[in-house]
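Enquirer: Following this message is one structure expressed as structure tokens.
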Amino acid sequence: MISSAIGGFAIVVLVFWSYNINSVKKAVDKWLDNWKVKDLLEVPKQIDNNKKTVTRMSIVFQLLFTIIFGLAFIILFNKYGAFGFYQGDLLLEPIFNDGPRSLTLILIISIFILSINYYIIYLIKGSKTTALLVFDTFNALLALGTLTYFLTFPNLINNEFIVVIANNFNMTNERISGIINSNLNITLITTVSVVLIVYIISWVRHLKNRI
């Protein structure tokens, strides 16, 4: 930064020194006398960020992150029945009922595969086209649908788990159930709202850049 400042100062000094040379002074004065506003360079148009080529390394990083995080999440979800209330190493009661487990796991794996395909196509094309954005939006909606299906599944929380928690915290079953359901609803509403806002903004920017 200091070297840049010194270099800039040196250029300014050189310009003023050159202006003291007669031949340079006459040429500059003549140019200034004949200068018109139309001689100004055109203002460059704003770069279309949507069409700007994204670096391959950035896409590769996103792809690797998706693979690592996706596999970890699938493995974790596959241990679905292991989440619960423990006494030492002994599982007393699992949190979730088995009802939504199978379909949710299938949907998660489908989303994972679609995400990998999305980033591979993104890597090949190097920019986010309308078709890619449609693909990405569809995958996001599928993910939101999966989350909604899972969190709103009837009797998602194991009743025996609620009883154990209620006894440990000296609260009624209804109170514990109400707290859990409220948190599930807040999680769902917040997630859906944030994702929808992000994708609405993405589409508005994309369509605006195409006009």
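The values are calculated or read from the model by the stated rules, or taken from the named source; none is laboratory data. Everything numeric in this text was worked out from a predicted model, so none of it was measured. Quick reminder, even Gly has a Cβ in these numbers, built from the backbone with ideal geometry, and neighbours come from all protein chains shown.
Enquirer: Mind telling me which of the residues Thr66, Thr137, Thr148 ends up being part of a helix (DSSP H, G or I) and in contact with a Ser or Thr (Cβ under 7 Å, 6 or more places away or on another chain)?
Expert: Going through Thr66, Thr137, Thr148 in turn, the sole match is Thr66.
Enquirer: In the stretch 151-174, which residue that is out of contact with any helix residue (DSSP H, G or I) (no Cβ under 7 Å at 6 or more places or on another chain) and part of a helix (DSSP H, G or I) is nearest to Pro94 (Cα to Cα)?
Expert: Across the stretch 151-174, the extreme among qualifying residues is Phe161.
Enquirer: Only one of Phe61, Phe96, Phe77, Phe69 is under 19 Å from the mean Cα position of the chain (by Cα) and within 18 Å of Thr146 (Cα to Cα). Can you tell me which?
Expert: Checking each option against the conditions leaves just Phe69.
Enquirer: Still on this structure, please answer the following. Sort out which residues of the stretch 62-99 are more than 24 Å from Ile120 (Cβ to Cβ) and of a type in the set (Ser, Thr, Tyr), and write them in order of number.
Expert: Correct list: Tyr80, Tyr86.
Enquirer: Suppose the filter is surrounded by fewer than 11 Cβ atoms within 10 Å (Cβ to Cβ) and assigned to a helix (DSSP H, G or I); does Val204 pass it?
Expert: yes
Enquirer: Could you identify the single residue in Thr129, Thr104, Thr172 that is without any contact (Cβ under 8 Å) to a residue 12 or more places away in the chain and surrounded by 14 or more Cβ atoms within 10 Å (Cβ to Cβ)?
Expert: Answer to the check: Thr129.
Enquirer: Does Asp98 qualify as being touching a Gly at 6+ places or on another chain (Cβ under 8 Å), in the same structural domain as Thr191 (by TED's automatic domain parsing) and charged (D, E, K, R)?
Expert: yes
Enquirer: Out of the residues in the stretch 150-169 that are at pLDDT below 90 and among the aromatic types (Phe, Trp, Tyr), which is surrounded by the fewest Cβ atoms within 10 Å (Cβ to Cβ)?
Expert: Looking at the filtered set, the residue picked out is Phe169.
Enquirer: Kindly indicate the residue of the stretch 99-134 that is among the polar types (S, T, N, Q) and in a helix (DSSP H, G or I) and also farthest from the chain's Cα centre (by Cα) among those meeting that condition.
Expert: The residue in question is Ser102.
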